[in-house]
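Undergrad: Quick one: this structure, given as structure tokens, is what I'll be asking you about.
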Amino acid sequence: MKKILFLMLVLFLSVFTAINLYAMPNPWSDCGDDMYCGAKKAGFNMPLRVNDYNVRAMEGLLEITFPIDKKRNVTVRKTVTYNLGDISGVYESYPINKTITLKNGIIFNVRGDKKRYYVANFAAENAYYSIYCKEGLKLNDINNLYAIIAEAEAPIYSEKSSESIETLQNKRTFDGIVEPVYTQDCFPKTLQKKGVTKECFERANLGDASYCSSSQIIMIKQYYRKGYKCDPLNDGNGNYCAE
């Protein structure tokens, strides 16, 4: 009898586990080396200038893993959701948990031991970041990684304008109210006819100008300066959305 009850309990637990696994799908999308895929899934970009990287993303969270030398990989995460905590996803306990300040004044919360730091988190003006390295990081490594992130997140500028696309996106005013514009909803035909590609337009609005020529960037900026409010069919200025 006890054996039958035990077998029934094992069967019940197996079914319960299977149901829970089925009900909780993996929220991550593996994007390989496609930054654009990660940006579309997360809803924002982080175009780090690194080699041999791998991108994963879920809504509201973007992760990029890449080597910093022959023996160490690091994983950088970004979120734009209000969050002052640890977004690394690393739950291991370390003897040291403290804040450090870089020479440029940026404050990091770090976790590690007397020899190395393994997890580092910091907040920027509009986003939050984490850095994780299983093999550990020295202070100089954190400085170098911060420089890579800061370079990637710098606004896009052209030779003829000191204003970034990001700034122009948020400068348009309707009835005295500044409204953010979600440009991914409408790729205007007026830009398409001038030779701007949809990929250039969408990537530029995610902070990556590498798929645009300088003239295309200038045309996008000129378009934004006119001001518009996008809906599913047109941008409010008679510029209909391309297919």
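The values are calculated or read from the model by the stated rules, or taken from the named source; none is laboratory data. This one's a predicted model, so the numbers in the text were calculated from it and none came from an experiment. Here Cβ is always computed from backbone atoms with ideal geometry, including for glycine, and neighbour counts include all displayed protein chains.
Undergrad: Identify the residue in the stretch 79-115 that is of a type in the set (Gly, Ala, Ser) and within 27 Å of ARG56 (Cβ to Cβ) and, among all such residues, is surrounded by the most Cβ atoms within 10 Å (Cβ to Cβ).
TA: Within the stretch 79-115, the match that is surrounded by the most Cβ atoms within 10 Å (Cβ to Cβ) is SER88.
Undergrad: Can you pull out every residue in the stretch 52-104 that is over 18 Å from the mean Cα position of the chain (by Cα) and part of a strand (DSSP E or B)?
TA: PRO67, ASN73, ILE96, ASN97, LYS98, THR99, ILE100, THR101
Undergrad: Taking ASN45 as the residue in question, decide whether it is surrounded by 11 or more Cβ atoms within 10 Å (Cβ to Cβ), in the same structural domain as GLY136 (by TED's automatic domain parsing) and not in a loop (DSSP other than H, G, I, E, B).
TA: Numbers: surrounded by 11 or more Cβ atoms within 10 Å (Cβ to Cβ): yes; in the same structural domain as GLY136 (by TED's automatic domain parsing): yes; not in a loop (DSSP other than H, G, I, E, B): no.
Answer is no for this residue.
Undergrad: Restricting to the stretch 192-216, count the residues that are at pLDDT 80 or above and either hydrophobic (A, V, I, L, M, F, W, C) or assigned to a strand (DSSP E or B) (or both).
TA: 3
Undergrad: Also, quick follow-up: Which condition breaks for GLY60 when tested against (1) surrounded by 19 or more Cβ atoms within 10 Å (Cβ to Cβ); (2) at pLDDT below 95?
TA: Failed condition: (1).
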